[in-house]
Amino acid sequence: MSESSQQAFDPDALRERYRIEREKRLRADGNQQYIEMKDEFGHYLDDPYITDRIDREPVTDEVDVVLIGGGFGGLQAGARLREAGVKDICIIEKGGNFGGTWYWNRYPGAQCDIESYCYLPLLEELKYVPQEKYSYAREILAHSEAIGKHYNLYDKALFQTEVKELRWDEDLKRWIVKTSQGDAIKARFVSMANGPLHRPKLPGVPGIKEYKGHTFHTSRWDYDYTGGGPDGGLTKLADKRVAIIGTGATAIQCVPFLGETAKQLYVIQRTPSTVDVRGNSPTDPEWAETLEPGWQKQRMENFNALISGIPQEQDLVDDGWTDLIGKMIHQFRKAKEGENLSVADMMELANFEKMEEIRARVDELVEDPEVAEKLKPYYQMFCKRPTFNDGYLPTFNRPNVELVDTNGQGVERITEKGVVVAGVEYEVDCIIFSTGFEVGTSYSRRAGYDVYGRDRTALSDHWRDGTRTLHGMGSHGFPNLFIMNTSQGGFTANFPHLLDESAIHQAHIISHALADHHTTVEVTKEAEDAWVETILGFSGGPMGGLGGPSCTPGYYNNEGQPNPNATQSAPYGGGSIRFFKLLKEWRDAGEFDGLTFN
Ligand code: NDP
């Protein structure tokens, strides 16, 4: 590419630095480095938020639709099914209430990163406008419960109940849903909305079992130990030395609250996150009054277009997500002025420019230049989930907060007393694992159950060499089964947008089958094969082109390891806008192409 650009950075030097930082972090054990939360680690999954354990008789009733998961996916599917006239719906949820990720993740500072007016589902339907541009977890959880009430989804919901097996009974033409409460529910249709980041994981650090202090994972925050609540005030930490392991999107949000109250806080970093401007603000009631019917869909589509690189007349959201696109358009204009850059070169330059800005922000906000240097991320934007926070970086100016940078190597070992990094032991009273969720493990392991179809084949076997579906939502041999997922479906950073499009599509098919008294609906082998070919025809890589192989390791790119199934299990490579259009055209055609009804 032309190096004559007048930018204030050296692209070659940055490319080399990114390469070095990536290689430093590559490890042969990839996904195997993490510990599954089972057996002696199983207690990390206990639900700290329920006060009364449910003790009930097993349910063996028949229902029209079982929805697995009471997070946004299950709630949106339930809502769209209700709107399509489906009455008999049972949501099965392992937590004590609706909310999914927002039920579990109540750590201090938990907040949506996508603008709340786009992110919170069904706002117009519930006649609700969020209180702030970026809602905190408490409001999102309350909104989840409000959706449940509005659509009468509490009616048959089974909480504190985990699905253990899903088996098709060919004689009955029903799914038999077995659960942790001994239920054996007969369901005509099942939709699986398990959520993509649903199973927390621990780092496989030597000595992890030896630690004698207190520990918990951020997705099961122990407020009995820390005091306070999601708004902060963790007063019980005033005499505690705390280590938090991990600096992903979760840690970025809770570290400011830990720093505020802990006697001593060690933030253990393997790879720094990009931390962009949050710029939260309360909702202007006058603006809310002006919103016309259809406003939420319009806003979601505007946002999705901008983050998909499609210029819009107006940027309705105008935040860190859409800003990167602004930078690309700027590069594009520059290119048109005679530099003859290819699209790939332009995108790389825009990315360098944005990352330079992210790194400059660290210098602005962190007083100690040595600490600031360690907090700077050296990789392409979107190699890792971008984060947005105004409190995280200044936390490192506090005298009680220390950044423990592991130079990309991670924690060396855990002892009885604390955490060892580069030979130095940090003695602590509590270790908080902010180490994320399983992504690269098998679908059945993450879901916690397997699915056995018409020929008793397990879905995990059917998908052994990669996902096989039509539109990411149904597989041949698994009648009346629907999936809400990104694999072979659409991908957008605004995940509830994808869930809504899937919910509308599934409700369309299920309500048609029920209304016309079809016993089964199944994806044909030909349609499944053709969709697999369509997916393979794109080479977007995992997560729709995010986190490519040259990225620093993380869950976006299978921890930097080759994954033979990645292309086949990737989202639809044509982008979410084309995918949503394709689904709508399919529905509008009215032919249910690729499905057989009986
Ligand atoms: P992540 O997987 O993003 O982060 C895990 C962290 O643990 C990383 O910093 C990782 O380092 C670190 N780590 C893992 N093993 C070790 C080790 N052995 N030693 C030291 N550090 C280690 O998990 P999060 O919970 O932060 O976020 C998960 C996802 O949840 C996000 O990507 C996002 O999609 C979602 N999320 C969304 C939010 C929102 O919308 N508001 C808020 C929070 C999360 P390394 O990077 O080197 O692997």
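A single entry from Val401, Val451, Val421, Val411 fulfils the requirement of being surrounded by 18 or more Cβ atoms within 10 Å (Cβ to Cβ), in the same structural domain as Asp363 (by TED's automatic domain parsing), away from the ligand (no atom under 16 Å from the Cβ) and not polar (S, T, N, Q): Val401.
Would segment 481-498 turn up any residue that is of a type in the set (A, V, I, L, M), modelled with pLDDT of 95 or more and part of a helix (DSSP H, G or I)? Yes, segment 481-498 has at least one match. The criterion of being within 30 Å of the chain's Cα centre (by Cα), in contact (Cβ under 8 Å) with a residue 24 or more places away in the chain and either within 15 Å of the ligand (Cβ to nearest atom) or part of a helix (DSSP H, G or I) (or both) holds for Gly74. Residues that are within 24 Å of Leu514 (Cβ to Cβ) and surrounded by fewer than 24 Cβ atoms within 10 Å (Cβ to Cβ) are absent from segment 37-55.
Name the residues in segment 193-240 that are of a type in the set (A, V, I, L, M, F, W, C) and closer than 27 Å to Gly448 by Cα, would you?
Ala193, Leu197, Leu202, Val205, Ile208, Phe216, Trp221
Considering each residue of segment 113-131 in turn, at least one proves to be touching a strand residue (DSSP E or B) at 6+ places or on another chain (Cβ under 8 Å), within 16 Å of the ligand (Cβ to nearest atom) and farther than 18 Å from Leu291 by Cα.
The set of residues in segment 233-273 that are near the ligand (Cβ under 10 Å from one of its atoms), under 22 Å from Gln111 (Cβ atoms) and assigned to a loop (DSSP other than H, G, I, E, B) comprises Gly246, Thr247, Gly248, Thr271, Pro272, Ser273. Of the residues in segment 520-533, none is assigned to a loop (DSSP other than H, G, I, E, B), at pLDDT 95 or above, among the charged types (D, E, K, R) and outside the structural domain of Gly30 (by TED's automatic domain parsing).
If you go through segment 373-398 and keep only what is away from the ligand (no atom under 15 Å from the Cβ), touching a residue at least 24 places away in the same chain (Cβ under 8 Å) and not basic (Lys, Arg), you end up with Leu393, Pro394, Thr395, Phe396, Asn397. Of the listed requirements (1) closer than 23 Å to Gln253 by Cα; (2) crowded, with 18+ Cβ neighbours inside 10 Å, Asn485 misses just one: (1). Do we find that Lys201 is of a type in the set (Lys, Arg) and within 16 Å of the ligand (Cβ to nearest atom) in this structure? Here the answer is yes, as Lys201 does meet what is asked. Which ones in segment 212-232 are closer than 11 Å to Pro48 by Cβ and part of a strand (DSSP E or B)? Listed by number, the residues that qualify are Phe216, His217.
Within segment 424-440, the set of residues being near the ligand (Cβ under 10 Å from one of its atoms) and either free of Cβ contacts under 8 Å to residues at least 60 places away in the same chain or not in a strand (DSSP E or B) (or both) comprises Ser434, Thr435, Gly436, Glu438, Val439. Can you tell me which residue in segment 348-388 is modelled with the lowest pLDDT, limited to those that are under 21 Å from Tyr556 (Cα atoms), of a type outside the set (A, V, I, L, M, F, W, C) and touching a strand residue (DSSP E or B) at 6+ places or on another chain (Cβ under 8 Å)? Taking the candidates together, the pick is Pro386. Every test in (1) more than 30 Å from Thr519 (Cβ to Cβ); (2) at pLDDT 95 or above is passed by Val451 save one, and that test is (1). Set side by side, the residues Leu126, Leu141, Leu158 differ, and just one is among the aliphatic types (A, V, I, L, M), surrounded by 17 or more Cβ atoms within 10 Å (Cβ to Cβ) and free of Cβ contacts under 8 Å to residues at least 60 places away in the same chain, which is Leu141.
Scanning segment 257-303 for residues that are surrounded by 15 or more Cβ atoms within 10 Å (Cβ to Cβ) and not polar (S, T, N, Q) yields a count of 20.
The values are calculated or read from the model by the stated rules, or taken from the named source; none is laboratory data. This is a predicted model, so every value here is computed, not measured. Here Cβ is always computed from backbone atoms with ideal geometry, including for glycine, and neighbour counts include all displayed protein chains.
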